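Inspection log for the structure reproduced underneath, given as structure tokens.
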Amino acid sequence: MTIAAYLRSASRRVLVALGSVCLAFGAAAQKYPDHQIELVVPFAPGGSTDAMARLVAPKLSRQLGVPVVVVNKPGAGGTIGTAYVLAAPDGYRIMTGGNSNLGPVLALGESVGYRLGDVAGLGLGTTNPLAIVARPERFADFGGFVSEVGSKPAGALTAASWGLKTPSHFYIALLGQQLKGEFLHVPFDGGAKAMLAAMAGQVDFAIVTVATALTNVQAGKLKALAVTSGARSLDLPSVPTVKELGYPGASMCLSTDSPPARSCPPSVWNCCGPASPSSSTTLSTRRAFARWAPSLRSCRARPTTIS
């Protein structure tokens, strides 16, 4: 699936899911919706989740007859935006997300003011692979990257993520484990900023979604060393997967859902179908990250970003 098709598919699926929520609320309370709805993105603008939300918002607004505005609430690995949605289980705050903001922090058992079970997804929307990217002249290819990892001391290579305890942070630790090396993690506020840091040579490489990196890779401003999906991306057919390069344990894809608070009125879930941690992306979140929690705990992190 191409990135354009991915975003269209994502927007359709999320629109159907969110529309179901809103119609269900309407069945329970005829006045709903009677004012603006916030579609909350728990990450900074410019990333793939943000792009999907901005495709969905005008369509959902037309369907419901009220404004639907995208609200970015980044920070703390997506937990700030998630807590913001869960604080108002009335149907006027709905989140776009998945194991990006419901994964590493909760899988590690950290206290963030809510539990995984407080979120009820409406079913898996889409999946999105990651890409290992660097400025074009930094590494000849993935083989050159691996060679440098093996020849330099632990922490010599810097790796940008879109935030502490996000999947990109987790993946940096996992990649180091698979390559038998260790990176110095440099967290940024969003995937777009992490990508720009790699392009500018502020870090050696970055872990971002394929959707985030695609335009700059195609323009030759950024090199994708590998993608983390099981098969090659149709948009980047010349870029190998980590699996075919000999590192199947480094394969990983993110899931995207449209989870509201699980404490929404029961009539909502009666209309939308069963919703529970076992029927949403919360289960895939728990499975995906709990297994590699030691890798995330062991990742070296620099507490401040490069300005």
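The values are calculated or read from the model by the stated rules, or taken from the named source; none is laboratory data. The model shown is predicted, which means the values in this text are computed figures rather than measured ones. Glycine gets a Cβ as well: all are built from the backbone with ideal geometry, and neighbour counts include every protein chain shown.
Structural remarks
- Condition check for Met95: in contact with a strand residue (DSSP E or B) (Cβ under 6 Å, 6 or more places away or on another chain) and either at pLDDT below 65 or surrounded by 24 or more Cβ atoms within 10 Å (Cβ to Cβ) (or both): yes
- Considered as a group, the residues in the range 222-270 that are assigned to a loop (DSSP other than H, G, I, E, B) and among the basic types (Lys, Arg) include one that is modelled with the highest pLDDT, and that residue is Lys243.
- Among the residues of the range 203-212, at least one is closer than 24 Å to Gly78 by Cβ, surrounded by 16 or more Cβ atoms within 10 Å (Cβ to Cβ) and polar (S, T, N, Q).
- Residues that are crowded, with 24+ Cβ neighbours inside 10 Å, over 18 Å from the mean Cα position of the chain (by Cα) and modelled with pLDDT of 95 or more are absent from the range 128-135.
- Residue that is surrounded by the fewest Cβ atoms within 10 Å (Cβ to Cβ) [pool: residues in the range 57-76 that are under 19 Å from Gly190 (Cβ atoms) and in contact (Cβ under 8 Å) with a residue 40 or more places away in the chain]: Gly75
- Some residue of the range 179-192 being assigned to a helix (DSSP H, G or I), touching a residue at least 60 places away in the same chain (Cβ under 8 Å) and either of a type in the set (A, V, I, L, M) or more than 21 Å from Leu214 (Cβ to Cβ) (or both): yes
- Exactly one residue out of Phe145, Phe139 is modelled with pLDDT of 95 or more, part of a helix (DSSP H, G or I) and in contact with a strand residue (DSSP E or B) (Cβ under 9 Å, 6 or more places away or on another chain), and it is Phe145.
- Every pair of residues 6+ apart whose Cβ atoms lie under 8 Å, when the first sits in the range 44-55 and is within 15 Å of Ile80 (Cβ to Cβ) while the second is basic (Lys, Arg): Ala44/Lys193
- Of the residues Leu196, Leu174, Leu245, Leu225, the single one that is touching a Phe, Trp or Tyr at 6+ places or on another chain (Cβ under 9 Å), of a type outside the set (Gly, Ala, Ser) and without any contact (Cβ under 8 Å) to a residue 40 or more places away in the chain is Leu196.
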